[in-house]
Every structure is written in structure tokens, then in C-alpha cells.
Protein chains: 2
Amino acid sequence: MSNCSHCIMKRFNALKTLSHDELERFSDHKTSLIIKKGENLMTEGNSINGLYCIQDGKCKLTKLNTNGKEQIIKFVKGGDILGHRSILSEEPVGLNATALEDMRVCFIPKGDILESIKDNPQFSLNLIKNISLQLSQANTAISQMAQKPVKDRLAETLLSLEEIFGVDNEDCIDVILTREEIANTIGTATESAIRLLSNLKKDGVIDLLGKKIKILNKNALKNISEGY
Amino acid sequence: MSNCSHCIMKRFNALKTLSHDELERFSDHKTSLIIKKGENLMTEGNSINGLYCIQDGKCKLTKLNTNGKEQIIKFVKGGDILGHRSILSEEPVGLNATALEDMRVCFIPKGDILESIKDNPQFSLNLIKNISLQLSQANTAISQMAQKPVKDRLAETLLSLEEIFGVDNEDCIDVILTREEIANTIGTATESAIRLLSNLKKDGVIDLLGKKIKILNKNALKNISEGY
DNA sequence: AAAAATAAATGATAATTGTCATATTTAGAA
DNA sequence: TTCTAAATATGACAATTATCATTTATTTTT
């Protein structure tokens, strides 16, 4: 099985401050798992006892609203970690993590993580920074959801998806989402999302190739996202 | 000047795990300040080098949107702490903290806080839990802003305001907000907020006594907040 | 490959929400 | 107090967004 001290994950995030010894310890205790598209890596309300390192693949973090609708809170990809908030706060997981494509994930038991937190203040601090950044981004999201019209939020979301996932060899945003998932990200009805995407295409701002979306005019999108 | 080890603050939050010695150190270095209604305790984008303990008074945490509108993210009252996120993440403050009434606040220099974080893992952990809880609440807020109609959000907000601030001797929610501030909390136009408040009053769910709001039927509000 | 199921697209219409205008009330300053 | 400014309230209307119905396209299953 692969070794944590050689893993690409350690180049990212909080994990980059871990010593060789700590990574070896992780290696000895970790389990690798494959999450198939559509399956849940974490489920809202459940407790977990470890940290997930996303090796490969993409997932969405969602919340089920009281009205039964799914809200997508965040997208996660290879190199990201999941579950640290729950470990640190000793609370159940707050979001569902659902695979958007097949994923390769490593699971590192809570005990090892807590040990590193105790031994390695820098690791601990990096986890805190990660959570703080998420809080900061969440506050921005609240503001935008509350005050921006759907069209602006769609533009914003498309830019952010390209930022997160990059583009493929045809310059399309490198993630496959259904129209419903896009709608659940910006908080609108699926039909509205479809209509606004069609408008953006008609205006030459984006191109739609099946589920693939290509941004043609980033500046125009940026303007729309700011209400112009 | 008052002494931290006798302060009511230490009954709350992360501070409750601090030792007598730590509190004495805080006491020696702290400064007390009065923030007048309308003044800012913290300002978005500025850096701070310490922790604020709110002794008394209320404030709103806001974010200025790209469209120039103010979004209220959170309300803060006596017993709460502010600035720990910025200290821990070593980033500028993300939100404005504006006094809703005159406030008494203590400021404890960053150095003392960082020392306690190093010495006292439980203190550190409690700060993390505080930030984690905020993140969890923020995610819920995103979902509600994105998916619930304004009426539901208003009902939700009224319940939450009573939860946070309690009621005065006339059973009114114990905080004075302008209609504009209520609108900026739920993310709507001031006129819409006014109209929906009037409707709730007409339906006998709340009573409006000037700026004071009294919840008459908590169950009805709860139902409205959930879309019934 | 054909059939069935799911997703996307579009029109028609209704409901929600925002904007502008204006009146009324309240709070603050001279 | 009296004046002035600001906040609240309400109507009229426009813009945005949701819902429902239906068609077309795409994906999945048999």
C-alpha cells in the first residue's frame, strides 16, 4: 500500500507541516477507500472518528434544508481534507459529502491526528487556519446569497467553479454537474438555473456543451456577478 | 480597575478554562474601553492584535457587499468574545463590529492570548470549538438564505433574536434594531421587511411597539419559518 | 439497439420581491 | 419647544423568480 510520506497530499494543507515520523505513523494506521460516484463519504449528523484525505476525485458538501431541498455549501477535490472540523470540535459532521465522481480517499484514525495536534502546534494551527478560512468564506457566501440576485450568483458560481476545478483540454470547467446541482449551489429552482445559463450562452458569455460549461468572457461574468 | 479573575466573562466561553494565574496576567495587561452606540469595535480588513471580551452591550457583525449594501452576519452580546478568529488565523478581521448600544469591552493583548494557547491546550481547543460552531451556524445560514423565502427568514430571525437577547420586562425582544437592520439581517429591502412585519402583526403573531417587537405566538412563527 | 427513465429546455403563468413615490410618524438638533 | 432630518409605513408598479405543463434530448437499463 502507498506510503503517506510519499503522498501528494502532504504538499497541501495542514499536512505539509507533519514530520516524516508523523507521516509514517499515519501510513501504518491509515485505510484507503474507494467512494463511487453518488456515494456518501460523510453524512450529516453522523459522527466520524478520523480524518479523510482526498487523493483523487471530487465531491460536494451539502446540507438538507427543512423544506427538503439540498443546498450545496462547498466543493471539494483531490488534495483537500475532510472531517477535521468534526474531530476538533467533537461534534457530529455538519454536512454530507457526496462523490461527484469516483474518489480515492485515505482515512487516518482520530487518535493519530490528535497525537499530532498535541505534538505539533504548527499542525494544529494550520487546521485552525483552514477552519477560519472556511468561516470567512461562509460569511461571504451568506452575504451574497442574501443580497445578490440569482443571475449574479450564477455568474459568481461559474467563476468560482473554474477557480476550484480548472479547465479541461477543451477549456471547459473541469467538473460535471447536473443543472439541478448548479441550481442547488446558487439557491434557485432548476428551471431558473437552466434559463439563466441559456441566456448567458445567448449573450456569448459562456458556451454549453452538454453538461460541460466553457467560460468565453470571464470579464463579462465578473461584471454580472457584481451586478452590472 | 476591575480584575479578570473576578470578571463575569470567565464564566463563559473559552475563558472558563483559564487558571487564576492566567487571568491575573490578563488583568495586568488588559485595557477597558467604552464603545459608543454606532461606533466600530472592529473594522473589516483591519488587523487587530488582541482579544475583545464584551462585558456589556450589544453589537452587530456586518459585511459590506460589493453592491454597497450591509449584510448583518451575527449579533454579539455581553459575555461573548471577538477577535479570536483573526488572532488564530493571523488574518485581518473579516467583519465590522458596530455597537448597537453603548458597550463596555476589555481588550487583552495578543501576546497573552497566544501564551495561554501554548500553555493551556483546553483553552486552545475551546477557541477552536467556538470557531467550529460559528462555521456550522454559518453553513446553516447559507442554506436558509439560499432557499427560504423572505417571510420564512424573517420569522426565523425574530425567533433567533429572542433566543439571543431574551425579552425585557414587557416581554419584548430585548434589542433595538431599525427596520433597515432587520432587513439587512434577512437580506431583503427595508420596505419588504416593514411590510412583512406589518402582516405578522395583523395576523396576531407579533406585536409592534415602536421599535420593540413582542412575539405573541412562538409556535406560529416557528411554522412560518419552516414554510407552513 | 430499443425501451425506459432521467435530465434539460422552454412556454405560460403566478407568486414573490424590489423600486419608486409619497405620506406619516418619530427622533434629534437648534 | 419648534424645526429638521430620519425612520416608518403604505400604495402602485415593475422586475425577478417559482411553479406547472410539455417537449426534446440524453442517459441508463433491458
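The values are calculated or read from the model by the stated rules, or taken from the named source; none is laboratory data. Model, not experiment: these values are computed from the prediction. FYI the Cβ positions are ideal-geometry reconstructions off the backbone, even for glycines, and counts take in every protein chain you see. With ligands, DNA and RNA removed, areas are computed over all heavy atoms of the protein, side chains included. Shrake-Rupley method; radii C 1.70, N 1.55, O 1.52, S 1.80 Å.
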- Query: Could you give the accessible area per residue of the protein assembly as shown, probe 1.4 Å, as a whole number in Å²?
  - Reply: 46
- Quick one: with label points 7 Å out along Cα→Cβ, list the inter-copy distances for B:S192 in nm, shortest first? 1.0
- Query: Using a 1.4 angstrom probe on protein heavy atoms only, which residues from segment A:49-83 are buried by at least 20 Å² of accessible area when all chains are present rather than their own chain alone?
  - Reply: A:K63, A:N65, A:T66, A:N67, A:K69, A:Q71, A:I73
- Query: Which value, in debye to the nearest 20, gives the size of the charge dipole of segment A:121-228 about its Cα centre, when Lys and Arg are +1 and Asp and Glu are -1 at the Cβ?
  - Reply: 240
- Item | Magnitude of the charge dipole, segment B:1-111, Cβ model with Lys/Arg +1 and Asp/Glu -1, debye to 20 | 340
- Message: For peptide A:126-133, what's the mean number of Cβ atoms from other chains within 10 Å of each residue's Cβ?
- Response: 5
- Message: Quick check for you: which residues of segment B:99-123 have the amide N under 17 Å from the point 7 Å beyond the Cα of B:T31 toward its beta carbon?
- Response: B:103-113
- Item | Alpha-carbon centroid distance for the pair segment B:113-131 / segment A:186-205, whole angstrom | 46
- Message: Can you tell me how segment B:49-119 classifies by the Cα gyration tensor, rounded, prolate or oblate, using a/c under 1.5 as the rounded cut?
- Response: oblate
- Message: Rounded to the nearest percent, how much of the accessible area of segment A:76-228 (1.4 Å probe, protein heavy atoms only) is carbon and sulfur?
- Response: 48
- Task: Please name whichever of A:I54, A:N67, A:P149 sits farthest to the positive end of the charge dipole of segment A:45-158, dipole taken about the Cα centre and charges placed at Cβ: Lys and Arg +1, Asp and Glu -1.
- Result: A:P149
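Buried accessible area for the A:B pair, summed, 1.4 Å probe, in Å² rounded to 100? Walk me through the numbers on the way to the answer.
Working: alone 12160 and 12170 Å², together 20790 Å².
About 3500 Å² of accessible surface is lost on pairing.
Does segment B:56-172 come out rounded, prolate or oblate, given a ≥ b ≥ c as the square roots of the eigenvalues of its C-alpha gyration tensor, rounded meaning a/c under 1.5 and, failing that, prolate meaning a/b above b/c? Mind dumping the intermediate values first?
Details: a/c = 1.82, a/b = 1.50, b/c = 1.22.
Note, shape of segment B:56-172 comes out prolate.
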- Note on the structure: By the C-alpha gyration tensor axes a ≥ b ≥ c (rounded if a/c is under 1.5, else prolate when a/b exceeds b/c, else oblate), the shape of segment B:130-210 is oblate
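I need to check one value: relative contact order of chain B, counting alpha carbon pairs closer than 8 Å and at least 6 residues apart, in percent.
Relative contact order here is 19 percent.
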- Would you be so kind as to identify all helices of chain B, as entire DSSP H runs, whose Cα atoms reach 27 Å or more along the helix's own axis and whose mean Kyte-Doolittle hydropathy is at least -0.5? B:121-147
- Sorted peptide list for B:187-196, B:141-150, A:57-66, B:33-42, criterion being average Cβ within 10 angstrom, highest first: B:141-150, A:57-66, B:187-196, B:33-42
- Item | Averaged over B:118-125, number of beta-carbon atoms from partner chains that fall within 10 Å | 2
- Distant-in-sequence amide H partners of A:K37 (H built 1.01 Å from N, under 5 Å): A:D102, A:M103
- Would you work out the charge dipole size for chain A about its Cα centre, treating the Cβ of every Lys and Arg as +1 and the Cβ of every Asp and Glu as -1, and quote it to the nearest 20 debye? 500
- Query: Taking the alpha-carbon centroid of each part, what is the distance from segment B:1-73 to segment A:2-59 in angstrom?
  - Reply: 37
